[in-house]
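Chemist: One structure is given below, represented as structure tokens, and several questions about it will come after.
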Amino acid sequence: KNQVEQSPQSLIILEGKNCTLQCNYTVSPFSNLRWYKQDTGRGPVSLTIMTFSENTKSNGRYTATLDADTKQSSLHITASQLSDSASYICVVSAYSSASKIIFGSGTRLSIRP
Amino acid sequence: DAGITQSPRHKVTETGTPVTLRCHQTENHRYMYWYRQDPGHGLRLIHYSYGVKDTDKGEVSDGYSVSRSKTEDFLLTLESATSSQTSVYFCATQQAIAPPELQYFGPGTRLTVL
């Protein structure tokens, strides 16, 4: 069964601290993995996209890693800011499929001043 | 931002009434999607389109139909709304799947069925 599991479900950290979010998947055949940020009441916004040949991708203070062998990804946020408070969603797509796009349930991140 | 708008943004309706949600894009993307998002679930695919008049079902398509008569518009219809269809609905677009490109999401429509 194609699944994407994220951990933790929720996380609270102090402003300025770093954090890492995890994503494990079983989608096959693998095409790409994306991380999205979703602010409350808004649509998801893309942070990174990685194919199987890429093992790291950065977007400002966001760095995603991918281990295609173990089927794991992480999203590292450096020097967190209050505006980073959001849900972070891991999404895995199957190869050459327009519909097999599996979404994780997300990690709810709260940044405290 | 791929220039995606959804209308209406909020709607309250009664059980048994028909409802149509509209998604409009200005980027000429080939693929368009309708998802629903519910607490405790990831986004779930309702229907998608891979071109004008070309549509297919997703994992939660029961009770929904779609139409795409123009590249820029993708309509989602609930023929007879039920309380279980209370949700937030997101439209998304994507230019290509091979090589993979990003999906862009609209702002969402919050639908309440009483």
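Chemist: Which of the residues belonging to region B:65-98 are within 8 Å of chain A (Cβ to nearest Cβ) and assigned to a loop (DSSP other than H, G, I, E, B)?
Modeler: Within region B:65-98, B:Ile97, B:Ala98 qualify.
Chemist: Checking A:Pro113 against (1) in contact with an Asp or Glu (Cβ under 8 Å, 6 or more places away or on another chain); (2) at pLDDT 95 or above; (3) crowded, with 17+ Cβ neighbours inside 10 Å, which test does it fail?
Modeler: (3)
Chemist: For region A:17-50, name all the residues that are aliphatic (A, V, I, L, M) and within 11 Å of chain B (Cβ to nearest Cβ). Quick ask: steps written out before the conclusion?
Modeler: As a first pass, look at region A:17-50 and keep what is aliphatic (A, V, I, L, M): A:21, A:27, A:33, A:45, A:47, A:49-50.
Listed by number, the residues that qualify are A:Leu33, A:Val45, A:Leu47, A:Ile49, A:Met50.
Chemist: Before we move on, is A:Ala64 surrounded by fewer than 14 Cβ atoms within 10 Å (Cβ to Cβ), modelled with pLDDT of 95 or more and either in a loop (DSSP other than H, G, I, E, B) or in contact with a strand residue (DSSP E or B) (Cβ under 7 Å, 6 or more places away or on another chain) (or both)? Steps first, please.
Modeler: Working: surrounded by fewer than 14 Cβ atoms within 10 Å (Cβ to Cβ): no; modelled with pLDDT of 95 or more: yes; either in a loop (DSSP other than H, G, I, E, B) or in contact with a strand residue (DSSP E or B) (Cβ under 7 Å, 6 or more places away or on another chain) (or both): yes.
Judged against the criteria, A:Ala64 is not a match.
Chemist: Taking the condition of being surrounded by fewer than 20 Cβ atoms within 10 Å (Cβ to Cβ), in contact (Cβ under 8 Å) with a residue 12 or more places away in the chain and assigned to a loop (DSSP other than H, G, I, E, B), how many residues in region B:19-57 meet it?
Modeler: 7
Chemist: Taking region B:1-18 as the search range and keeping residues that are over 15 Å from B:Val88 (Cβ atoms) and part of a loop (DSSP other than H, G, I, E, B), which one is farthest from the other protein chains (Cβ to nearest Cβ)?
Modeler: B:Gly16
Table: residues versus (1) within 26 Å of B:Ala98 (Cα to Cα); (2) of a type in the set (Ser, Thr, Tyr).
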residue: A:Ser7; (1), (2): no, yes
residue: A:Tyr25; (1), (2): yes, yes
residue: A:Gln38; (1), (2): yes, no
residue: A:Pro44; (1), (2): yes, no
residue: A:Asp69; (1), (2): yes, no
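Chemist: Go through region A:85-105 and give me each residue that's surrounded by fewer than 23 Cβ atoms within 10 Å (Cβ to Cβ) and under 29 Å from B:Ile97 (Cα atoms). Let's see the steps before the verdict.
Modeler: Residues of region A:85-105 surrounded by fewer than 23 Cβ atoms within 10 Å (Cβ to Cβ): A:85-87, A:94-100, A:102-103, A:105.
Correct list: A:Ala86, A:Ser87, A:Ala94, A:Tyr95, A:Ser96, A:Ser97, A:Ala98, A:Ser99, A:Lys100, A:Ile102, A:Phe103, A:Ser105.
Chemist: Quick check on A:Thr51: is it more than 12 Å from the chain's Cα centre (by Cα) and surrounded by 15 or more Cβ atoms within 10 Å (Cβ to Cβ)? Give the derivation first.
Modeler: Values: more than 12 Å from the chain's Cα centre (by Cα): yes; surrounded by 15 or more Cβ atoms within 10 Å (Cβ to Cβ): yes.
Against the criterion (more than 12 Å from the chain's Cα centre (by Cα) and surrounded by 15 or more Cβ atoms within 10 Å (Cβ to Cβ)), A:Thr51 qualifies.
Chemist: Separate question: Just to be sure I understand the filter: pairs with C-beta atoms under 7 Å, separated by 6 or more residues or on different chains, first member in region B:99-114 and farther than 21 Å from A:Asp39 by Cβ, second member surrounded by 18 or more Cβ atoms within 10 Å (Cβ to Cβ). Which pairs pass?
Modeler: B:Pro100/A:Ser31; B:Pro100/A:Asn32; B:Pro100/A:Ile49; B:Pro100/A:Ser93; B:Glu101/B:Gln94; B:Val113/B:Ala81; B:Val113/B:Gln85
Chemist: Same structure again: Scan region A:72-103 residue by residue and report those that are modelled with pLDDT of 95 or more and assigned to a loop (DSSP other than H, G, I, E, B).
Modeler: A:Thr78, A:Ala79, A:Ser80, A:Gln81, A:Ser85
The values are calculated or read from the model by the stated rules, or taken from the named source; none is laboratory data. This one's a predicted model, so the numbers in the text were calculated from it and none came from an experiment. Positions of Cβ are backbone-derived with ideal geometry, glycine not excepted, and every protein chain shown enters the neighbour counts.
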